[in-house]
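Q: If you scroll down you'll find the structure; I have some questions about it.
The values are calculated or read from the model by the stated rules, or taken from the named source; none is laboratory data. Predicted, not measured: the structure shown is a model, and the values here were computed from it. Every residue, glycine as well, gets a Cβ built from its backbone with ideal geometry; the counts of neighbours run over all protein chains shown.
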Amino acid sequence: MFVRPSVRQRVRLRLGVLGMGCAEIEGVCVGGRGIANGVTGVGGVGDSEGGGGSGRVGAEWTHLERTAGLVRAEHLYTAHITCVKPLSPTVRLFTLVVTAPLHSQLLSHLSKDVTDTSTSAASEQSVQNPKPIPLLSFYPGQFLDLHLPNLPKPGGFTIVSVPSKLPELQLAVQKAEWNPAAKWLWDLLYDDDGMVEETNAEVKVRVGGEFRWPPPPQDGIGGVVEVKRIKHVVLVAGGLGVNPLISIFSHLHETHRIGTNKMKLTFIYACRLTYHATELADIIAQIPFLDEVLRIVESDSWPRLAQGGGSSGARYTSPYLDARIHFTLPSPSPSSPSPSSFTATSPALRITLYQKSQNVAPGVRLTFSFTRPTAQEVLDVLAMPGITEGDCAGEAGNSKRDGDMQTVVYVCGPRRMTDEFVDAVERESGGKGVRVLSERWW
């Protein structure tokens, strides 16, 4: 269950008047709408993450202060960090296993204002005999408040795994010496197999956030039933802004929503190469989750298109899955080739990428480019027609009208990119039939 705080709770949290115990249990267990519809910081949320940004943007605000207005789960849970895996030279994947929920005497006051200190026999009895705490759950795209040993304040990190993997949770964390939570995680010792050697790797976690799938209810869209009205999902990731979107993408593939129920998906991933590469393996070693994106795109579990032609055959004018990978090249230096010579001197890589783009199922498109994505590209994607009646086997006879359907655009990336893309989509669509969700960390 997710709850939202009172105005006074949010103000008191941001002013820092809550003690450590209250901040952990009361202040962050509740939320309202946060800064710019999202979160802030190195990997995805708060002062510990950033959707691709590497600078210390807005570091004077803590994760709790930036996200005080966002909804959060009622309960804290105990988890253990069990495994660490490098995703790139600057990003590591941390695996946590949730082991137990935490009971607190403050849980019975969650729905009350923090200044309400009155007690009663009923409330005291509820503390002595607390209600069973439900198992941890989350929506793809949400984040964790991560309480670490010996750190006074929690960090915030986006969950990159999918709900079906619970009680296992995974976080992708960028190296950031200035960030206490990120530094704590990066200082963990682990063996050659990734197993954590620390004996104190027990942490406390709480789920929160509104940048998620399905989108939060708004104007009649979202929730469990209304998701059937969504005809097109567009995921736009810049850098480590891929963190919440890889969870959403993996979940939609896993639950067989793409290509069915007239839903299509476009995934635009802009990623910066840190050094020049001549083979695909060199690129995958630099880009977090690129291997996972390619694995999903090349999966043989996509819906089978109806065979044949003419009026009785498959009719699709755009793919139901369109994955567009944009590589940003590193700046040239005296000791490295210029960006223009990068592609010219890597024919083997160009051939490999072309073969990859051809090795996909009908109705799936995969493209690679060494250019930055643009807002116009997203607008062009939104202008493409959706899946027509009978495109996918077993889907003929769907009576939903296109006018009843919706498009949802998720944007998570560097500040300038996010602002530009969100403004362009909102301006072009005028809010009609298109909903934009953005994750911001500045």
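Q: Looking at the stretch 256-294 only, could you name the residues that are crowded, with 20+ Cβ neighbours inside 10 Å and of a type in the set (Ser, Thr, Tyr)?
A: Thr266, Tyr269
Q: Hey, among the residues in the stretch 154-207 that are aromatic (Phe, Trp, Tyr) and under 17 Å from Leu64 (Cβ atoms), which one's nearest to the chain's Cα centre (by Cα)?
A: Within the stretch 154-207, the match that is nearest to the chain's Cα centre (by Cα) is Phe157.
Q: Given the criterion modelled with pLDDT under 90 and either surrounded by fewer than 16 Cβ atoms within 10 Å (Cβ to Cβ) or in a loop (DSSP other than H, G, I, E, B) (or both), identify the matching residue among Ser137, Ser161, Ser111.
A: Result of the check over Ser137, Ser161, Ser111: Ser111.
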